[in-house]
Each structure stands twice: as structure tokens, then as C-alpha cells.
């Protein structure tokens with residue numbers, strides 16, 4: 001707070017990825033192509049958590065304050081001039097699904113998560129600020145709106161709990177690239193559908209996504225968190241006992257070793273920073289007694305070591321989803337058969 005497929009089923013996944021990523025790259029290369037970008041007659045209105053924002057002209061300098069908002073902009077051919085730091089990634093922009101689209105350029109880091117450096121943002125003189133996957137406050141929104149149109153969190157969803165499409169669509173509308181986004185969404189929804197068709201067994205299993213943020217302290221993510229949303233789109237079912245423990249407005253339930261029974265599900269995915277973090281979980285004596293562990297149905301995926309599956313699931317964007325599907329599904333196949 002991450003192998004290569006070899007089976008026949010892997011071939012269609014390679015084909016799916018082969019279609020999706022070139023499509024993203026081709027669309028991104030079009031820059032300010034087709035969309036609602038007709039000359040100076042741009043004018044769009046976008047409703048969001050804090051009201052309605054009017055954008056009078058196609059933006060050219062965009063600051064992305066949502067943790068994963070830069071991915072959507074990059075997929076639409078726009079390199080944001082400012083971003084917030086999330087994982088402490090150095091150098092910024094090195095995630096495998098986004099690196100090529102940055103083309104070696106580095107945006108200005110204007111904050112960490114929801115702690116924005118207002119002075120740095122103002123100096124960038126943006127003509128649009130987006131904050132979809134964020135916890136932006138109303139006061140922050142009011143301050144930022146003095147300098148540029150601001151598209152805050154999606155209307156009708158808790159912070160950090162909107163579906164990936166609902167976060168991408170306001171960004172695409174704000175920059176006049178809705179047609180591009182529609183193509184990307186259609187392709188990714190087809191990818192998920194193909195996985196569900198190839199693996200009907202996934203639909204019979206409950207799944208949980210968890211993280212050990214300290215020795216003996218854990219979280220399990222809600223069904224509407226992007227990481228669990230990814231799993232349910234693959235076909236897995238969220239577990240009722242986890243959902244019953246999550247309070248309204250939260251995307252996780254926190255618990256100690258004594259409540260590890262919460263994640264004794266059919267298939268358990270752990271997101272870990274590194275191998276040391278994974279060992280902390282595996283060495284928990286209570287954990288070793290769970291059926292999901294005894295049966296070999298638990299899976300550890302790191303954020304930053306090897307294939308960066310944990311990070312891709314956390315981002316859950318039009319760029320990271322194809323990468324996560326390609327890297328994770330072969331591992332899930334094996335665990336689902338355990």
C-alpha cells in the first residue's frame with residue numbers, strides 16, 4: 001500500500017494482448033484526432049462529486065491528480081504535465097504498460113496521493129485538472145478551480161470505488177476523445193469475456209484480494225475496489241463474510257492474525273511489496289492452518305518484483321488491465337485446479 005503462458009489457452013491470451021496494446025499505441029499516436037475536438041467550438045459539461053465543470057476548449061496541458069488517471073490520458077494520446085506519486089516509483093513512468101507512451105518524458109510530481117502541492121500545480125498553468133481515482137476534498141477542489149477546470153471524482157460512487165470505465169469516461173469527455181476510449185473499453189470488455197468463456201470454473205469460486213501491510217496486520221479489499229473488481233470481471237465471486245465486515249465508505253476491512261479466517265476462500269491473492277512481505281504472511285502460524293493454504297489455493301503477486309501484477313491490478317486501467325490479464329490468468333488457472 002508480480003509466467004509466461006505455454007498452454008493452448010495461452011495463445012488466445014497472447015492474441016488478445018497483441019490486439020489490445022497495438023490498438024492503444026495506435027490510438028495514442030493519433031494525438032488530438034477524432035472526438036469532440038472540433039476547432040474552438042469544444043464546450044463540454046461534466047457532472048462530478050462537487051458539481052458541474054464546463055470546459056470551453058480542448059485541453060493541452062493536463063494535470064492528473066487521480067492515482068491512476070495518467071494511464072487513461074496516455075491511452076488517449078495525452079501526456080499529463082503533472083501527476084501525483086503513488087508507489088514511490090522511481091523513475092516515474094516505468095510501469096511496463098505505460099512506459100512506451102511516456103516516450104522518455106517525465107511529468108512534474110505535484111504531490112503524494114491526496115496531498116497536493118498547490119504551488120507546483122499553479123506553476124504548471126494547466127488548462128485541465130482531473131482527479132478520478134482520488135480522495136480530493138471540496139476545499140482542494142475550490143482552490144484548484146481558481147486556476148483551471150477541475151473534473152473531480154465520478155458522481156454516485158464512493159472515493160476509490162468507481163468502476164474503471166466510470167473513471168475513464170469523464171477524462172475522455174474532458175479531452176474530447178470519447179470515440180477512442182469507446183474502442184479501448186470494447187476491446188478490454190471482450191478480453192474479460194474471453195477469459196470467463198475459457199474458464200467457466202472461475203465463476204464457481206469465491207476469491208479475495210488481500211495485503212499484509214505490517215507483520216500480523218492485514219487488509220482484504222471490498223468488491224468495489226479496483227483490485228477485487230478485476231477478479232470479479234474474470235468471473236470470480238466476492239466472499240460474503242468479507243463484504244459484511246466492510247463499513248460504508250471504506251474499500252477495505254482491516255484485521256489481525258486472529259481473523260485470518262476472513263480470507264479462507266476458494267482462491268486467495270496476496271499483493272506484496274517484495275518477498276520479505278510475502279514471508280511475513282506465510283510465516284504466520286494462524287495463516288498456515290487455513291484450508292486455502294493447505295490446499296495450495298493462495299497466490300502471491302508482488303508490486304515491483306518480476307511481472308508487476310500487483311501494481312497492474314491496483315491501477316486497473318485501460319492500459320494496465322491487458323497486462324494484468326496476460327500475466328495473472330495463467331497463474332490463476334493452476335490455483336483454480338488445486
For residue 289 and residue 215, extending 7 Å from Cα along the Cα-Cβ vector and measuring point to point gives, in nm, a value of 2.0
Full extension between residue 120 and residue 261 adds, at 0.36 nm per residue less the Cα distance, a length in nm of 46.2 nm
A student asked for the Cα radius of gyration and Dmax of region 199-336 in angstrom ought to give 13.7, 39
Candidates for Cα extents along the principal axes in Å are [x] 61, 51, 40; [y] 62, 40, 38; [z] 63, 43, 34, and the calculated one carries label [z]
Calculated from DSSP helices alone, with each H run of at least 4 adding -39500 (n - 2.57) and the total divided by the residues of the chain, [θ]222 nm to the nearest 500 comes to -11000 deg cm²/dmol
Quick calc: nm separation of the 7 Å Cα→Cβ label points for residue 248 and residue 145 -> 2.5
The extension gain from residue 185 to residue 61, computed as 0.36 nm times the residue separation minus the Cα-Cα distance, is 42.2 nm
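Every number here is computed from the coordinates shown, using simple stated rules; none is lab data. Every value quoted in this text rests on a predicted model; they were computed, and no experiment measured them. In this analysis, Cβ positions are derived from the backbone assuming ideal geometry, glycine residues included, and neighbour counts consider all displayed protein chains.
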